[in-house]
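The values are calculated or read from the model by the stated rules, or taken from the named source; none is laboratory data. Here the structure is a predicted model, which is why all the values come from computation and not from measurement. Reconstructed Cβ throughout: ideal geometry from the backbone, glycine too, with neighbour counts over all protein chains shown.
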Amino acid sequence: MGYTRAYPRDTCRYLEVTEVLLLWDRIVGFDTLDIVATLAAAIFGFRGRALLLAKTFDDVEAVMLDLTGIMALPLLQHTLFGGV
């Protein structure tokens with residue numbers, strides 16, 4: 001077929017398993033994938049200073065691949081309600 005499937009385990013390479021499950025809980029609960037886009041924007045905002053200091057593609061890749069310690073829900077809440 002001409003489609004691919006995204007599984008929650010694919011996201012586990014970037015976020016802790018608990019964070020992925022909490023994120024999927026919100027996706028199912030609100031019945032929208034907009035939460036994923038909002039989290040992506042929140043991560044860019046959170047890592048913005050490091051991204052501005054990056055000089056090469058490898059620097060940017062290193063900043064964005066290391067998401068250990070990212071807590072998805074507090075980051076989403078801060079982005080949506082904290083005024084990033």
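Here are a few things to note about the model shown:
- Hits in segment 26-84 (condition: assigned to a loop (DSSP other than H, G, I, E, B), modelled with pLDDT under 90 and farther than 16 Å from Leu15 by Cβ): Gly82, Gly83, Val84
- Members of segment 25-41 found to be among the hydroxyl-bearing types (Ser, Thr, Tyr) and surrounded by 14 or more Cβ atoms within 10 Å (Cβ to Cβ), listed by number: Thr38
- For segment 42-84, residues that are hydrophobic (A, V, I, L, M, F, W, C), in contact with a Ser or Thr (Cβ under 8 Å, 6 or more places away or on another chain) and surrounded by 15 or more Cβ atoms within 10 Å (Cβ to Cβ) total 2.
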